[in-house]
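Heads up: the structure comes next, in structure tokens.
The values are calculated or read from the model by the stated rules, or taken from the named source; none is laboratory data. Nothing here was measured: the structure is a model prediction, and the numbers come from that model. Neighbour counts are summed over all protein chains in view; Cβ atoms, including those assigned to glycine, are modelled from backbone coordinates with ideal geometry.
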Amino acid sequence: MDISTFDNFDLLIVIILLILILLSAFFSSSETSLMAINQIKLDNAEEKGSISAKRVNSLRAKITEVLGVILIGNNLVNISASALLTYYIISKFGDQYVWAGTLILTIVVIIFAEIAPKNYATKQPESIAYPASRPLEILTNIIGWFAKILTSIGNLITGTNSDENYFSQNLNRDELKSVLQKDTEQVDEDEMIALKSLLELNELTVEDILIPIQEVISININDENIKSIPEKDIFFPVFDETSQDILGFIHSKEADQLQALGSSAKDILISPYYVPESTSLFAQLKQFQKTGNEIGMVVDEYGNFTGIVTLEDLIEQIIGRLNQEEKDPSMLINDDLSVTADGSTTIRELNTYMSWDLPEDGQKTISGLITDELDMIPTANICITLGSYKLETLGIEDNLIKEVKVSRVSEDSTDII
């Protein structure tokens, strides 16, 4: 064995082997990048006019065929490298050193043609997939038919079908919400919350956000001395005491005109608009948009008036309170991190306000949660522990729980005090 001489033939073999290893790295990294690239980012890049992104999407649309082409190319260059090195070792040193060449080539291929390029492609898929898309497109056009034949044979052996394109499946609502749960530095946190809230509009109903009838301030059109109206930018239902019918709605800024107008007061009222309490918030938002209404009377399945819902309530459900400087009057955080809230406060509002997880699948309000747990309306203040939360009534009036103090405790039990 003579290794002292290194002629042009040796140099040619080394160059060819390096080229084959680079080609193997190209095929390995291309395969990984096509599988790892983010579809949402890819679609966004294509919409912005990226030709490379469009090519990558085209390749992913026929991923089975493309993977077949990549496997053909990768195996071809790896086998060629092995055969060339074996021929070179036998001709140069004899067949007793073939095992050494095989071992060295295996280590080189694993490190430089598999692990390193695939790791890089996993972390930077766009930097590999975009430039690789053009040669892969050409190769697919040339030998794609052969890859299809080999894939069909493989499918016959395994009894599988590779026609499905796994990258074109649409996300359902739950999957999209999971995507929005991911932290990202590119999207503002408030925007993420608004997007998630928007997706939840179909899961919530008008009943979840209505203003209960007990809290609705209404105006008697026949009242000669209309009491002072709160200075708020809201609507009030106007009723006829004689018939107890709701005649319509009036804005707080126009309420003082009712007495002056007398019998023609009905002309300035907004006609009643009835909303079933089972209507989804998304459907109701579309209805407000279609009809131009900003307020609706909520009725139950028997036609009974149960409260009102406004366009403002729906918008706040998506983006939060419109007047951030105005504190929520129904909830107050105490020094011990407990919350004093109106009994009519919804459990969902409290959970959102405090990032808690009180059960929302049953009763809608805090008072409803307490009465449901007790199976009765308490006649005196009471304290219960529900799971990891303590609920203490602070005021009961006319069979209604007016105020509740809610705090988080460590134990997981249900006790009544």
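Some notes on this structure:
- Residue that is touching a residue at least 40 places away in the same chain (Cβ under 8 Å) and either of a type outside the set (A, V, I, L, M) or crowded, with 16+ Cβ neighbours inside 10 Å (or both), where the choices are Asp43, Asp10: Asp10
- Only one of the listed residues (Leu12, Leu42) is part of a helix (DSSP H, G or I), closer than 23 Å to Ile89 by Cα and either of a type outside the set (Val, Ile, Thr) or not assigned by TED's automatic domain parsing to the domain that holds Pro135 (or both). That residue is Leu12.
- Any chance Asn75 is part of a helix (DSSP H, G or I), more than 16 Å from Leu139 (Cβ to Cβ) and in the same structural domain as Tyr120 (by TED's automatic domain parsing): no
Residue-wise test of (1) at pLDDT 70 or above; (2) out of contact with any helix residue (DSSP H, G or I) (no Cβ under 9 Å at 6 or more places or on another chain); (3) farther than 29 Å from Pro359 by Cα; (4) of a type in the set (Lys, Arg).
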position	(1), (2), (3), (4)
Thr158	yes, yes, yes, no
Ser162	no, no, yes, no
Glu189	no, yes, no, no
Met192	yes, no, no, no
Leu195	yes, no, no, no
Leu201	yes, no, no, no
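- Total residues in region 46-70, condition out of contact with any Asp or Glu (no Cβ under 7 Å at 6 or more places or on another chain), part of a helix (DSSP H, G or I) and free of Cβ contacts under 8 Å to residues at least 40 places away in the same chain: 3
- Check on Ser30, small (Gly, Ala, Ser), part of a helix (DSSP H, G or I) and over 29 Å from Ala147 (Cα atoms): no
- When region 255-307 is filtered for residues that are in a helix (DSSP H, G or I) and at pLDDT 85 or above, the ones remaining, listed by number, are Leu281, Phe282, Ala283, Gln284, Leu285, Lys286, Gln287, Phe288, Gln289, Lys290, Thr291.
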